[in-house]
Structure formats: structure tokens, C-alpha cells
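Before any comments, here is the structure.
Here, each number is a calculation from the coordinates, and none is a lab measurement. The structure presented is a predicted model; accordingly, all values stated were derived computationally and were not measured. Cβ placement follows ideal geometry from the backbone for every residue including glycine, while neighbour counts extend to all protein chains displayed.
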Amino acid sequence: MLRIISLNLNGIRSAWSKNVLSWVVAQQADIICLQELKAQLPDLSPEMLQPDGMHAYYHCAEKKGYSGVGIWSRSKPDRVIEGFDGGEFDAEGRYIRADFGNLSVISLYLPSGSSSPERQEAKFRFLDLFFPQMLALRAEGREIVLCGDWNIAHQQIDLKNWKSNQKNSGFLPEERAWLSRVFDEQGWVDVYRRLHPATTDDCYTWWSNRGQAWAKNVGWRIDYQIATPGLAAQARAASVYKAERFSDHAPLVIDYD
């Protein structure tokens, strides 16, 4: 069995203070994909650089306290690749890839467009750049899974208040259509939805800090593991862990044969 976890930490130091490491260790996961480190390498403690004997790799943003992704793994990868575009988004620390034999695991953090029109334009630029990148990944002929915070809820069942969010970043028609093309044109598979095609309330992975969103489960499913068909077909269990809170996101745990 291969267990892969994806989790947006909303700050690795903040999540650390909430005992995220002890939870991860108890899961006996093989690979953990992290997003939104909000830290740079000098900020990380020795334990963060070598968490419980795991191999740890980070791609940090140039801007302090911002973005950043990481991968922890029990086995040492054959190679690690930081970044994909060599420009704007690599500077923001949004993509890291680790290869294990014929398997590639990518931790991905898409821009959020909710803070300003300028950030929404950046998000659209990212989507334009990343679509051919995903096509190139498919062309490699490897088994690949992209884990992370995609900042897009794909369908109406992926967020509680879909009607009132149709003009909001994260549920815009253009964003949703982009994700549909990833699945329908390129053949990638939304692994959680393959196993739980109709689940609503249990599927959410993020809750706003405003109001009573967490208490009332007014959530969004924006964290995904999106895989090549061969790997997706081997997925046998997928769940969102909500018994403890490490950030405003919940871990997405998927087991593959």
C-alpha cells in the first residue's frame, strides 16, 4: 500500500505548534505533500528539515512569510525538481516534484485570486502556463499524482454555498472550465471523486475563518490529488481528516495499492 497525504499548513511553524508532525507520524504515510509553508529555509528548525527520519524537500517563496511547498517521504527520491516555469511562479514557490521509480509526486499550490483583481489575473496567468505543463507531464508516460491546494472548487457538490459563490474566485466559470479540461481533454483523474462521486458535506477541505464556517461545515473542496489513470485506478480509500485542526485546511489522505 502507498499512503499519500496532502495538506495546506497555512504556515509550517503554526501547524508545528499544533502537533502536525506527531499526527503525520501516526498516519504511517509514505509521502506527504505540503503547501503554504510561509517560511524560508533559514526559518526551519532541524526537526522540520529532517522530520522523524523522513527525507524533506522544500521549494520556498522568495518573499518572506509567503507561499512555499514541500514534500516529505520515507524513501529517498531518485530526483527532486523545484519549480516549473523559471519565472513568476517559481519565485512564489508553488511546485516541487519528487520521482520514485516510475512514480512522480508533485506538491502544488495554485495562486488564490480572492484578495484582489491583480491576484485573480495572476491566477489566470498560472492556469494558462500550467495547462501545457500538465500536458507535458502526461506525455512522459509515468504514473503521476499532483497533490495540493488548487484553489478551485470544481462542481456544485464541492462547496456548501455554490449559488452565492458563482462570481467569486475559486468558483468562477473560467476556473471550473479549466479544471474540466484537465480531466476531460488530458485524461487526469480526480482521485477523491473517483472513490466518492456524490459526497458533499464530508468532502470539504477548507473553511473560511469568517463567521462560523468551520462549526457549521460551510466548506469548500479545493485540495485534490489528481492522478494519471493508472495510478488513480489503484486508489482504494480516500478521506478528509477533521478530528484535529492544523490549519484552515484539512489533510486529504488517499491510499493506493
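Odds and ends about this structure:
- Within the chain, the selection of entire DSSP H helices by a Cα span of 24 Å or greater along the long axis and an average Kyte-Doolittle value of at least -1.0 returns 117-139.
- Under 19 Å from a label point set 7 Å out along the Cα-to-Cβ vector of Q155, the amide N atoms of region 218-236 belong to 219-229, 232-236.
- Seen from all directions on average, region 135-257 presents a Cα convex hull projection of 7.9 nm².
- Radius, Kirkwood style, for region 2-256 when every pair of distinct Cα atoms is counted (Å): 18.1
- Ranking of H154, H249, H55 by neighbouring Cβ atoms within 10 Å, starting from the fewest: H55, H154, H249.
- Computed from the Kirkwood radius of its Cα pairs, the Stokes-Einstein diffusion coefficient for region 1-102 at 20 °C and 1.002 mPa s stands at 156 µm²/s.
- Think of the chain as having a plus end and a minus end, set by charges on the Cβ of Lys, Arg, Asp and Glu; of Q120, W23, W207, W207 sits farthest toward the positive end of this dipole.
- Using C-alpha pairs below 8 Å separated by at least 6 residues, the relative contact order for region 2-256 is 20 percent.
- Expressed per residue, the C-alpha convex hull volume of region 33-93 stands at 78 Å³.
- With pairing defined as another cysteine C-beta under 4.7 Å, the cysteines of the chain that fail it are C60, C203.
- Relative to one another, the C-alpha centroids of region 77-152 and region 189-257 are positioned 19 Å apart.
- In sequence order, calculated HN-Hα J values of region 150-161 (Karplus, 6.51, -1.76, 1.60; Hz; x Gly/Pro): 8, 6, 9, 8, 6, 10, 4, 6, 8, 7, 5, 9
- Rounded to the nearest 20, the Cβ-based charge dipole of region 142-234 about its Cα centre (Lys and Arg +1, Asp and Glu -1) stands at 320 debye.
- Segment K63-S22, extension gain: residue separation times 0.36 nm, minus the distance between their alpha carbons: 11.9 nm
- A simple packing score, the average count of other Cβ atoms within 10 Å per residue, orders the peptides 65-76, 30-41, 9-20 as 30-41, 65-76, 9-20, with the highest score first.
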